[in-house]
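The next block holds one structure in the form of structure tokens; read it before the comments.
The values are calculated or read from the model by the stated rules, or taken from the named source; none is laboratory data. All of these numbers come straight from a predicted model, not from anything done at the bench. Methodologically, a virtual Cβ is constructed for each residue, glycine included, from the backbone with ideal geometry; neighbour enumeration extends over all protein chains shown. With ligands, DNA and RNA removed, areas are computed over all heavy atoms of the protein, side chains included. Shrake-Rupley method; radii C 1.70, N 1.55, O 1.52, S 1.80 Å.
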Amino acid sequence: MSGLLIENAGGIATLAGGLRRGPSQSDAAVVSGESLAVACWDGRILAAGTADDVTRQIAAKGLPLNAFHRVDARGGLVTPGLVDAHTHLLFAGTREGEWQLRSRGAGYLEVLAAGGGILSTVAATRAASDAELLGGGRARLDQMLANGTTTAEAKSGYALNVAGELRLLELVARLSREGPIELVPTFLGAHAVPAEFRADPSAARGPATDPTEAYVAEVISEQLPAVARQGIARFCDVFCERGVFSADQSRRILRAAADLGLALRLHADELAPSGGAELAAELAANPGANPAANPSANPATKARVAAASTPGDAVLGCLSADHLGAPSEAGIAALGRAADAGTPVVATLLPATSWFLGKHHFAPARRFIDAGVPVALATDLNPGTSPTLSLPLVMSIACVEMGLSPAEALSAVTINAAYSLGLAAEIGSIEPGKQADLVVWSVPTLEQIPYWLGGSQARIVVKRGIPVFDRG
Ligand code: NIG
Ligand code: FE
């Protein structure tokens with residue numbers, strides 16, 4: 001039996017029709033009516049709509065109904081599987097102590113400058129065995145699945161040296177092979193300057209003496225070429241923030257990455273305007289530094305070219321600017337222009353992070369929507385600033401604190417998040433031929449997904465046409 005027939009759905013939010021931006025951000029392409037169905041065959045969507053119509057389409061394909069495993073949606077809504085486009089999935093240790101220091105007034109970047117924050121997770125992660133990291137990753141992925149996530153991006157960035165970063169990427173690839181959640185690996189060597197560079201900048205090869213410059217040189221000359229040779233990472237990311245990596249340093253790293261065949265995304269303007277949004281827009285198209293470079297030599301690029309078969313799905317270039325808690329006016333305008341020019345950079349907003357950091361200030365989501373910038377939402381799952389595994393919770397925070405409508409939030413965690421990963425031709429909507437990644441919710445409307453604050457209403461989760469989670 002290789003078919004799946006979901007029956008008795010109370011609604012289907014198909015998200016059909018591609019990337020959402022501006023007014024279309026709120027169009028979830030909902031099919032409503034009684035007795036709706038979704039049919040899948042061989043891991044792909046075959047048809048979605050009224051039960052009669054779906055049955056006719058199954059017959060038209062010459063497929064016997066008894067070859068379909070049947071699932072009763074009990075009047076619940078069906079949506080595409082959720083896509084979490086920004087996670088720091090693999091790490092060791094927790095940071096509840098730092099969280100409590102912050103609630104007594106310590107700043108996030110102050111803690112980092114004092115050698116804590118990201119660097120305490122780096123120390124714990126370097127010391128952890130593969131088995132420990134895999135065990136933590138699996139436990140978190142189980143909970144993400146139970147919250148409706150079927151695809152997630154996963155960054156390295158807690159090793160900050162060649163061997164350790166390659167190990168994290170290898171472990172991400174291993175967890176993705178295990179499934180059911182599919183992972184998109186991102187190299188984030190430029191997440192922080194590691195302690196050994198702060199103590200002794202001559203640890204790096206080259207003439208630089210400033211610790212950050214010395215580490216940037218190592219990322220470009222040692223880490224990136226090794227990551228490209230390994231061929232696992234699809235994206236390169238940088239923490240572009242005043243006091244961490246400057247826009248100029250980020251540009252050098254990202255252009256070198258593009259030359260090696262990696263697509264780009266970046267942590268941009270999380271806490272202060274740092275030129276990140278402007279840089280993302282600048283790198284939306286033609287991001288490479290070296291015209292003679294041959295990015296298609298990277299095996300990961302070949303896979304991406306094969307996956308991104310829809311015109312408009314940018315293959316190289318910057319697909320996502322993330323956080324954007326404090327973008328400049330010029331940055332918002334630049335992202336608007338990139339979208340109008342047909343090379344959209346998705347604004348991937350992470351409201352759980354702002355909330356957990358105790359900020360009473362959130363990314364200006366409505367400004368992005370008004371400027372025609374496609375908006376995605378992600379968990380930013382990490383032990384310092386966002387220990388959550390739930391995209392529905394992130395949707396709730398986005399609705400309450402950023403003024404998104406539930407439909408805008410749903411586009412943000414499906415088709416737009418898929419686009420930001422270069423996967424909009426494969427996942428993120430319910431359309432014939434696309435991968436059959438689905439959630440059957442225990443609630444009948446999309447509004448009720450973020451409305452039930454902090455509870456998971458995902459009842460059945462389907463990955464490539466197979467039910468992989470069932471709450472009963
Ligand atoms: O996206 N801002 C930088 N990186 C992560 C936090 C990582 C950490 O604190 O461990 C983020 O929020
Ligand atoms: Fe992050």
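Taken over segment 316-331, the criterion of being open to solvent by less than 10 Å² (accessible area, probe 1.4 Å), more than 12 Å from ligand 1 (Cβ to nearest atom) and modelled with pLDDT of 95 or more is satisfied by Cys318, Leu319, Ser320, Ala321, Gly331. Going by the structure shown, is Ala378 in contact with a Pro (Cβ under 8 Å, 6 or more places away or on another chain) and within 16 Å of ligand 1 (Cβ to nearest atom)? No. Within segment 256-287, being more than 23 Å from Val373 (Cα to Cα) and either surrounded by fewer than 20 Cβ atoms within 10 Å (Cβ to Cβ) or without any contact (Cβ under 8 Å) to a residue 40 or more places away in the chain (or both) holds for Ala256, Asp259, Leu260. Scanning segment 208-234 for residues that are of a type outside the set (A, V, I, L, M, F, W, C) and open to solvent by less than 10 Å² (accessible area, probe 1.4 Å) yields Tyr215, Gln223. Answer with yes or no whether Leu446 is touching a helix residue (DSSP H, G or I) at 6+ places or on another chain (Cβ under 8 Å), in contact (Cβ under 8 Å) with a residue 24 or more places away in the chain, under 17 Å from Pro374 (Cα atoms) and open to solvent by less than 20 Å² (accessible area, probe 1.4 Å). For Leu446, the condition - touching a helix residue (DSSP H, G or I) at 6+ places or on another chain (Cβ under 8 Å), in contact (Cβ under 8 Å) with a residue 24 or more places away in the chain, under 17 Å from Pro374 (Cα atoms) and open to solvent by less than 20 Å² (accessible area, probe 1.4 Å) - is not met.
In segment 55-75, the count of residues that are within 16 Å of ligand 1 (Cβ to nearest atom), farther than 30 Å from Gly336 by Cα, surrounded by fewer than 21 Cβ atoms within 10 Å (Cβ to Cβ) and hydroxyl-bearing (Ser, Thr, Tyr) is zero.
Among the conditions (1) of a type in the set (A, V, I, L, M); (2) surrounded by fewer than 15 Cβ atoms within 10 Å (Cβ to Cβ); (3) at pLDDT 95 or above, the only one that Ala297 does not satisfy is (3). Just so you know, in segment 342-358 the residues that are open to solvent by 10 Å² or more (accessible area, probe 1.4 Å) and within 15 Å of ligand 2 (Cβ to nearest atom) include one that is modelled with the lowest pLDDT, and it is Leu357.
What are the residues in segment 129-166 that are of a type in the set (Asp, Glu) and not in a helix (DSSP H, G or I), if any? Lay out the reasoning, then the answer.
Narrowing segment 129-166 to residues of a type in the set (Asp, Glu): 130, 132, 142, 153, 165.
Once the filter is applied, which keeps residues that are of a type in the set (Asp, Glu) and not in a helix (DSSP H, G or I), segment 129-166 yields only Glu153.
Restricted to segment 387-408, and to residues that are under 14 Å from the mean Cα position of the chain (by Cα) and under 29 Å from Leu316 (Cβ atoms), which residue is surrounded by the fewest Cβ atoms within 10 Å (Cβ to Cβ)? Checked segment 387-408; the qualifying residue surrounded by the fewest Cβ atoms within 10 Å (Cβ to Cβ) is Val394.
Is at least one residue of segment 256-268 within 16 Å of ligand 1 (Cβ to nearest atom), modelled with pLDDT under 95 and not in a strand (DSSP E or B)? No, because not a single residue in segment 256-268 is within 16 Å of ligand 1 (Cβ to nearest atom), modelled with pLDDT under 95 and not in a strand (DSSP E or B).
What helices (runs of 4 or more DSSP H) lie completely within segment 348-461 and have 3 or more residues being of a type outside the set (Val, Ile, Thr) and touching a Leu at 6+ places or on another chain (Cβ under 9 Å)? Break it down into steps so the answer makes sense when it comes.
Values: elements: 351-356, 365-370, 391-402, 406-412, 415-420, 448-451.
Helices (runs of 4 or more DSSP H) meeting the threshold: 365-370, 391-402, 406-412, 415-420.
Among residues that are over 26 Å from the mean Cα position of the chain (by Cα), within 30 Å of Gly472 (Cβ to Cβ) and not polar (S, T, N, Q), Ala73 is included.
If you go through segment 186-195 and keep only what is at pLDDT 95 or above and either open to solvent by 10 Å² or more (accessible area, probe 1.4 Å) or assigned to a loop (DSSP other than H, G, I, E, B) (or both), you end up with His191, Ala192, Val193, Pro194.
Filtering segment 321-378 to residues that are hydroxyl-bearing (Ser, Thr, Tyr) and touching a Lys or Arg at 6+ places or on another chain (Cβ under 8 Å) leaves only Thr348.
Okay, residues lined up against (1) hydroxyl-bearing (Ser, Thr, Tyr); (2) at pLDDT 95 or above; (3) within 20 Å of Leu357 (Cβ to Cβ):
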residue: Lys61; (1), (2), (3): no, yes, no
residue: Ala67; (1), (2), (3): no, yes, no
residue: Val83; (1), (2), (3): no, yes, no
residue: His86; (1), (2), (3): no, yes, yes
residue: Ala92; (1), (2), (3): no, yes, no
residue: Arg102; (1), (2), (3): no, no, yes
residue: Ala114; (1), (2), (3): no, no, yes
residue: Thr121; (1), (2), (3): yes, yes, yes
residue: Thr125; (1), (2), (3): yes, yes, no
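When segment 121-142 is filtered for residues that are open to solvent by less than 60 Å² (accessible area, probe 1.4 Å) and within 26 Å of Leu391 (Cα to Cα), the ones remaining, listed by number, are Thr121, Val122, Thr125, Leu133, Leu134, Gly135, Gly136, Gly137, Ala139, Arg140, Leu141. Of the candidates Glu170, Glu178, Glu165, the single residue that is open to solvent by less than 40 Å² (accessible area, probe 1.4 Å) and either modelled with pLDDT of 95 or more or closer than 25 Å to Glu241 by Cβ (or both) is Glu165.
Checking the stated criteria, Glu98 turns out not to satisfy the condition of being of a type in the set (Asp, Glu), over 30 Å from Ala321 (Cβ atoms) and surrounded by 13 or more Cβ atoms within 10 Å (Cβ to Cβ).
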